[in-house]
1. Can you spot a residue in region 481-494 that is at negative phi, exposed (fewer than 15 other Cβ atoms within 10 Å of the Cβ) and under 60 Å from the mean Cα position of the chain (by Cα)?
2. Being in contact with an Asp or Glu (Cβ under 9 Å, 6 or more places away or on another chain) and either free of Cβ contacts under 8 Å to residues at least 60 places away in the same chain or not assigned by TED's automatic domain parsing to the domain that holds N540 (or both) is the requirement here; does L314 meet it?
3. Can you report the number of residues in region 168-211 which are buried (at least 16 other Cβ atoms within 10 Å of the Cβ) and in a strand (DSSP E or B)?
4. If a residue has to be crowded, with 18+ Cβ neighbours inside 10 Å and touching a helix residue (DSSP H, G or I) at 6+ places or on another chain (Cβ under 6 Å) to count, how many in region 83-99 make the cut?
5. Surrounded by fewer than 18 Cβ atoms within 10 Å (Cβ to Cβ) and touching a residue at least 24 places away in the same chain (Cβ under 8 Å): is that true of Y74 in this structure?
6. For I44, indicate whether it is assigned to a helix (DSSP H, G or I), within 20 Å of L132 (Cβ to Cβ) and among the aliphatic types (A, V, I, L, M).
7. Filter the helices (runs of 4 or more DSSP H) completely within region 380-461 down to those with at least 1 residues that are modelled with pLDDT under 75 and over 16 Å from I504 (Cα atoms).
8. Would you say I357 is closer than 26 Å to G552 by Cα and either under 22 Å from the mean Cα position of the chain (by Cα) or among the β-branched types (V, I, T) (or both)?
Amino acid sequence: MLEFVKKQVYRKPFIVYTLSLLVVCTLVCSLLFQLTLNSQLEQIKQDSLKEFENAQNNIGFNIQKIDSYFLGLYSEQNRRILKDFMRFFGNDAETYIMKRIVEVSGDEAETSFIEDIKNFVRSNQYSISQILFLTSKNSNIITYGTNGISQVKFRIPNRNGIKNDISLGYNYTKKILQPGDMSETLGEVSFLVRAQAIFGNVNKNPIVHVAVMSKDGELYFGADDTMKEQFRRIYDSEKTSGRIGSGFFQEMHYNVYTSEQYGFKMVSLVSYGAIINQNRSIFLFYIFGILFIFISITLLIATRMSYDAKYLSLITKAIDKAKSGKFVKIDIKKRKDEFSIIARKLNDMSEQLEEHIQKEYILKLKQKEAEMKTLQQQINPHFLYNTLEVIRSHALVNNDESVADAVFNLGGMLREVVKNKDVITIGNELDILTKYLKIMEFKFSGKFYYQIDVDHEIRSMETVKFWMQPLVENFFVHGFDRSCDYNLLLISGKIYENEVMFQIINNGEKIEPDRLEAINGWLAATEKENTDNSSIGLINVYTRLRFFYGDGLKMKLNNNEEAGITISISIWRGDEHVPIADSR
């Protein structure tokens, strides 16, 4: 199938097509890769944004719960709990217990702020891990485990020593106001919301690394030790998205989400290599799909070029055979491309050339045959010319000028006829015919008259020699009336657009209708053999003219209304029917 690459005309285009297709397939594959990567990155971005918004909502939910609790704490129905809270706030354990013993009586003994706040933390599923009660002098602290166990510490001496660890979660601080005077601040209560309760649902995608950072860049959730450096570089860049790392598979894409309200940042980081590995089935489908398309189109191009190359070989072989004279018809089959147009034109050309060659060959054979018959029948031309000249001289001596002129015309006509030149002009042919008509005028003196009216432009046309005289001679053989004193012959030649029309008209005998129809039928059917020996002269003239002018020649006989017949010869002058003499 790849034999066509041996031909330069197909090898270079095939290489160009293949390389172009390879470039296009590579670009398409790269585009699909990029679109898939962008799609995955966009999906990761959306997922991370959703996780970030959920984290903000979790913080907001816990803050709302805390605010609602303290708002209820200062209400009338919770005044006992508020009183117990004031006993607890800023006092040590001994003072707190002593105040409860002294101040609490009856059913108030069952009211406890520590139990109430514990119930609040329990209702929030222990999302709060620590509550710090701060005054200007000392601090109390309550810690809660996820299993429900709590621990209370009083009078922590060093406030800085008990500072909340931000890595444990989000710290929310609320001011404590004097119940009787809301303009007076007693201190602060700081709630530490567990990081797990806020950010527990982030980082669901195994290939995405997520870290939560404070505004000062401190990592406090989800930061892998191996990734801390990358996260700090991202924080320092102050960009919301971008790339870090070198090399395609080692390069990583990041997105940064900043919470101005709660003072933290969430960073998601993913490597391109991890995305490709996670979606390798999709990327392999792209690669093998594009490879299959490339191979299929390449084979299709190769098949088409091979098919065209074989057909081109048929055309070139047909041309080579035509050079040696053998015309072979090319099978067009079902092709409808440029090769079929070339093959069709070559077939037409070969057919026309072969037809012209056959016509030329047959014409030459017939001319040679006529020459042989002429040689067999003729007397030595010089002896005949000399004899005619002697007769003419004798007639002149006897003052018989009419005989002398007749002999002169006969000699001149014979000279023109026996000349070797086969193709002459219409003017020369008319000269031969005129000499013959003068002889007939001498023979039938007083009973025969003729007239020749041929356009001057026609006289320069080329034609075969000695065809008008046989047609005129038919009039004297078949149509001339010796008893009539007025036998007339008219020869005309006119140009009508692209057509030359000759007419030979006489007033002699008519032709019987059946015979006239048979003659015209034969003249219309160019390939039909004629078996009517009585019209051999007419048929020979038609055959010679047909070989010379081709399909551009038409001949027809008609009976005139009054008397005689009209022979019409039509010659087409268009480019389609160039005479053989003109085409040489």
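1. There is at least one residue in region 481-494 that is at negative phi, exposed (fewer than 15 other Cβ atoms within 10 Å of the Cβ) and under 60 Å from the mean Cα position of the chain (by Cα).
2. Judged against the criteria, L314 is a match.
3. 16
4. Qualifying residue count, region 83-99: 5.
5. Yes, satisfied.
6. Criteria not met by I44.
7. 381-397, 401-418
8. yes
The values are calculated or read from the model by the stated rules, or taken from the named source; none is laboratory data. Note that the structure is a prediction, hence the values are computed from the model and not measured. Counting neighbours? That spans all protein chains shown, and the Cβs are built from the backbone with ideal geometry, glycine included.
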